[in-house]
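See below for the structure under consideration.
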Amino acid sequence: MKPIQSAIIAAAALMGYASAQTATTVPVGYITHTIAPSVTGQYASADTYISPSLTEPIKFAAQSTSSPSGSAIIEFTGSVPALTPNLDVLEITEGPNEGWWSTVVSSDADSITVLDAFPASLPANTKISVRRHTTVLSFLGNDNNPGFIPFDGVNPNDEIQLLNAESQVALSIGWISGPDLDDPAFPDGAWFETSNSVVANDFIIEPGQSVLIRSVGENQITFTSTGTVKTTDTQVDIYPNYNWIGTQLAVGGTFQQMGFINSFNVWDGENPNYDSIQLVRADQTASEFAVYDDNGLVILQTSDSEPSNDEPFSEGTGAVVVRTGLPESIITIPGTIVGN
């Protein structure tokens with residue numbers, strides 16, 4: 001994996017975070033996202049998968065005073081700051097379970113309770129960090145930062161879609177401004193779920209996920225997202241059927257650098273039960289890739305068996321992982337290596 005270059009560290013300089021054990025700095029920066037335009041007479045909308053490769057800053061980092069294994073509570077010697085239930089996320093940052101995460105349910109000065117039970121066999125000094133989940137608002141801004149075509153109740157609008165891979169249900173989200181609709185029932189300047197008008201500002205984009213932008217405009221859109229470079233691994237649940245994944249590599253990488261070779265179920269060219277990854281291009285064509293065992297694992301493009309270990313997976317982008325006929329498992333997406 002290539003080290004992060006100084007360009008992405010940008011004018012945002014370096015940011016510190018609180019820790020019960022140490023104080024340190026982590027790089028922050030920005031990523032430019034490009035949204036494909038619709039073309040009149042060719043297709044009504046265009047799909048682009050993007051991911052918040054950068055994260056919110058760490059607000060707490062420490063190691064536990066006892067093993068949290070089998071429990072949803074992790075304990076510390078103190079100094080746990082005020083955390084935000086249901087919006088903060090705790091991650092394991094070291095060891096075999098690096099990248100495991102769960103949403104914070106509650107906290108006090110000496111402990112944090114999360115939504116899920118911790119993995120088995122964790123040591124007493126398990127290292128963790130806590131940060132705010134990336135949300136629709138923090139990724140896309142509080143004033144329609146990308147400039148998406150808003151919902152007005154009449155004309156086609158750009159959509160942001162979030163997929164719940166476990167249920168295979170996607171939510172459609174749009175930007176809305178109440179006065180534009182002249183209807184007090186709608187929020188005044190907010191991201192909202194278009195099916196039921198629920199404000200979606202705090203809808204979570206889970207670690208390692210991407211979102212689908214369905215654009216109806218005829219012009220390409222570019223916008224930037226900002227945040228902290230994630231240097232630790234991220235575990236992502238992969239469910240049967242469709243999964244929208246993103247990258248935490250802040251300067252991008254390749255399929256091989258993303259770790260797909262060792263995470264995917266292998267394709268043998270005949271058995272239909274395997275994992276594939278699909279990239280949707282700006283021209284709306286899609287390419288499918290899978291891991292094949294050819295006296296050693298290699299990623300191939302399934303249409304022509306072209307070796308594709310070095311296929312780019314750019315920062316800020318996303319892809320679709322399709323799992324056919326196989327159960328849920330976890331893949332691990334690597335963090336960014338920061339260097340000179």
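What follows is calculated from the coordinates using simple rules that are stated; it is not laboratory data. Bear in mind the structure is a predicted one, so any value in this text is a computation, not a measurement. For neighbour counting, all protein chains shown are included, and Cβ atoms are generated from backbone atoms with ideal geometry for every residue, glycine included.
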Q: State the answer as a single residue: which of Pro150, Pro334, Gly269 lies farthest towards the positive end of the charge dipole of the chain, with beta carbon charges of +1 for Lys and Arg and -1 for Asp and Glu, about the Cα centre.
A: Pro334
(Q) Among Gly246, Leu297, Met258, which residue has its Cα furthest toward the positive end of the charge dipole of segment 232-333, with +1 on Lys/Arg Cβ and -1 on Asp/Glu Cβ? (A) Gly246
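State to the nearest 20 debye the size of the charge dipole of segment 232-333 about its Cα centre, where the only charges are +1 on K and R beta carbons and -1 on D and E beta carbons. Intermediate values should be presented prior to the final figure.
Details: 2 positive and 15 negative charges, 59 e Å.
Roughly 280 debye, rounded to the nearest 20.
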Q: Return the distance in nm (one decimal) between the two label points of a simple spin-label model at Asn201 and Ile337, each offset 7 Å from Cα along Cα→Cβ.
A: 4.1 nm
Q | Distance between segment 149-205 and segment 316-331 - C-alpha centres, whole angstrom | A | 26 Å
**Q.** Within-12-Å neighbourhood charge of Ile173 [Cβ basis; K, R +1; D, E -1]
**A.** -3
Q: Run through the DSSP bridge list for the chain and note the antiparallel percent, rounded to the nearest 5.
A: 95 percent
(Q) Between [x] 1.44; [y] 1.17; [z] 0.97, which entry matches Rg/Rh (Cα atoms, Kirkwood Rh) as derived from the coordinates of this structure? (A) [z]
**Q.** Interchain or long-range residues, amide H under 5 Å from Asp158's placed H
**A.** Ile149, Val216
Q | Charge dipole magnitude, Cβ of K and R +1, D and E -1 - the chain, Cα centre, debye nearest 20 | A | 880 debye
